2 protein chains.
Amino acid sequence: MSRKGTLFVITGPSGAGKGTVLKKVIQSLDRLYFSVSATTRAPREGELDGVHYHFLTHEQFERLIAEERLLEYAQYAKNYYGTPLDPALQHLEMGEDVILEIELQGALQVKKRLPQSVPVFIAPPSFAELENRLRGRGTETEEVILQRLSIARKECAAMDQFRYVVVNDQADTAADELRSIILAHRCLTENRGFTLE
Amino acid sequence: MSRKGTLFVITGPSGAGKGTVLKKVIQSLDRLYFSVSATTRAPREGELDGVHYHFLTHEQFERLIAEERLLEYAQYAKNYYGTPLDPALQHLEMGEDVILEIELQGALQVKKRLPQSVPVFIAPPSFAELENRLRGRGTETEEVILQRLSIARKECAAMDQFRYVVVNDQADTAADELRSIILAHRCLTENRGFTLE
């Protein structure tokens, strides 16, 4: 009996509550590897290499690009951000499921590169609620909030390109749904690798 | 927001524990309709029309066959057994999921007739455990047990024709898996019918 792992690509706008939902799912399932992104930006206080990010030099990152060892990558404010391919493949071969939490453009890149991956969009229940959540943090200026809302509207327009949509109204319900999606894929006949003896 | 229901076709050999698993799943999910079979055999003591079976006359049953209003049917010991199409379609249109628990040949018929249905095979963890369970009931003769085991081996050979396999080692785990399969299908983008406003 040998099972194959599945790569789940999770995206959704800022304020959809991806972090909370994913934390609950990771606590409720075993055999789940949470992919760690690579970046060339400097670590912030308290950030650990290999935990929060793989902190790389520009040269190291560009070697990964040249060797096609990134599932996706992008450049923001002169720094690279990307998803290393090797650890994901290693965990999939060990029969573990892999979770990537990445922004929309990265998710669409992975979907193209690995069509067998499972794209999941975490959506807020409404734009009004999304605005409440972004304002509720109380840490951003009005300009930043309006900018985030505008980006969120654009990102949500891509929702139908995702296999699954998890609506995060209540975090427990959303976590139960995402956990169910992962568990259901483990039961697919071709993934299960079950032989009755 | 209007969601579409999904038809789940559940099969598995005698002794796999379908009944126990389904009972737990039905208790744990709403919007789930459990299809009631039709038969021409006489009701046994305590059996209620419309609850345990739809009890029909031969003429009524043959009219359903002629009008193609059965999802599948078979004849055993001169009696008909089958799955009425109309109630299943009605509940699917109401956005409810429908569960059919039927034997292997019926399940394969439904799979052909409604390719959008989701076939799930409930398997015992091993043939040794299946034999334990069949013997544990203590109600059957050796001949009947050996016959059931032989049928079970043939049925399990068809397992790979099912989209999902739920291995019923522990009933709670198996019920959690089947519930997850149903919940995951509710989150499929095309079933969810979610529009963000």
**OP:** Determine the dipole magnitude for region A:1-87: charges of +1 sit on the beta-carbon of Lys and Arg, -1 on that of Asp and Glu, nothing else is charged, the reference point is the Cα centre, and the result goes in debye to the nearest 20.
**Re:** 440
**OP:** Would you work out the relative contact order for chain A, in percent, from Cα pairs under 8 angstrom that are 6 or more residues apart?
**Re:** 36
**OP:** In a Gaussian network model over chain A where Cα atoms closer than 10 Å are linked, find which of A:137, A:31, A:69 has the largest mean-square fluctuation.
**Re:** A:137
Original post:
So how much accessible area does residue B:33 have, in Å² to the nearest 10, using a 1.4 Å probe?
Top reply: 50
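Evaluate peptide B:175-188: per residue, the Cβ atoms of other protein chains within 10 Å of its Cβ; return the mean as an integer. Before the final figure, lay out the partial values.
Values: counts 0, 3, 5, 3, 4, 11, 8, 2, 8, 13, 4, 4, 13, 5.
For peptide B:175-188, the averaged partner shielding equals 6.
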Subject >> Antiparallel bridge percentage (DSSP; both residues within the protein assembly as shown; nearest 5) >> reply: 35
Subject >> Spread of Cα-to-Cα distances over 5 Å intervals beginning at zero, given as percent, for region A:131-197 >> reply: 3, 13, 14, 15, 17, 13, 9, 5, 5, 3, 2, 1, 0
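Hey, any idea what the orientation-averaged projected area of the convex hull of the protein assembly as shown's Cα atoms comes to, in nm²? Don't jump to the answer; show the numbers that get you there.
On the way: hull surface 92.9 nm².
Averaging across all directions leaves 23.2 nm² for the Cα convex hull.
Just the ratio, please: alpha-carbon radius of gyration of region A:97-170 over 2.2 N^0.38 Å, N its number of residues.
Numbers: Rg = 13.8 Å, N = 74, 2.2 N^0.38 = 11.3 Å.
Expressed relative to 2.2 N^0.38 Å, the Cα Rg reads 1.23.
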**OP:** Choose one answer from B:21, B:167, B:51: the residue with the largest mean-square fluctuation in a GNM of chain B with alpha-carbon springs under 10 Å.
**Re:** B:51
**OP:** Using every pair of alpha-carbon atoms in region A:74-197, split the distances into 5 Å bins beginning at 0 and state the percent of pairs per bin, rounded to integers.
**Re:** 2, 8, 15, 17, 20, 16, 11, 6, 3, 1, 1, 0, 0
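When only DSSP loop residues count, what GluC sites (Glu not before Pro) in region A:15-84 have their Cβ near at most 14 other Cβ atoms within 10 Å? Kindly include the intermediate steps, with their values, before the conclusion.
Values: sites: A:45, A:47, A:59, A:62, A:67, A:68, A:72; in loops: A:45, A:47, A:67, A:68.
Listed in order of number, the matching sites are A:45, A:47, A:67, A:68.
Kirkwood hydrodynamic radius (Cα pairs, Å) of region B:1-156? Before the final figure, lay out each step's value.
Values: mean 1/r = 0.0590 Å⁻¹.
Answer for region B:1-156: a Kirkwood hydrodynamic radius of 16.9 Å.
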**OP:** Compute the normalised compactness of region A:45-136: alpha-carbon radius of gyration over 2.2 N^0.38 Å, N being the residue count.
**Re:** 1.29
**OP:** Find the relative contact order for region A:28-82 and round it to a whole percent, using C-alpha pairs within less than 8 Å whose residues are 6+ positions apart.
**Re:** 37
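Take B:86, A:169 and sort them by solvent-accessible surface of the protein heavy atoms, 1.4 Å probe, largest at the top. Walk me through the intermediate numbers first.
Numbers: B:86 50, A:169 95 Å².
Greatest to least solvent exposure: A:169, B:86.
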Original post:
Around residue B:109, what is the net charge, scoring Lys/Arg as +1 and Asp/Glu as -1 over all other residues with Cβ under 13 Å from its Cβ?
Top reply: 0
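Can you tell me what percent of all Cα-Cα pairs in region B:1-62 are more than 12 Å apart? Mind dumping the intermediate values first?
Working: 1462 of 1891 pairs.
Result: 77 percent of Cα pairs exceed 12 Å.
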Original post:
When the Cα centres of region B:110-127 and region A:121-175 are compared, how far apart do they sit, in Å?
Top reply: 37
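The values are calculated or read from the model by the stated rules, or taken from the named source; none is laboratory data. Given the structure is predicted, the values throughout are model-derived calculations rather than measurements. Glycine also receives a Cβ, built like all others from the backbone with ideal geometry; neighbour counts cover every protein chain displayed. Accessible surface is based on the protein model in full, side chains and every heavy atom, while ligands, DNA and RNA are left aside. Shrake-Rupley method; radii C 1.70, N 1.55, O 1.52, S 1.80 Å.
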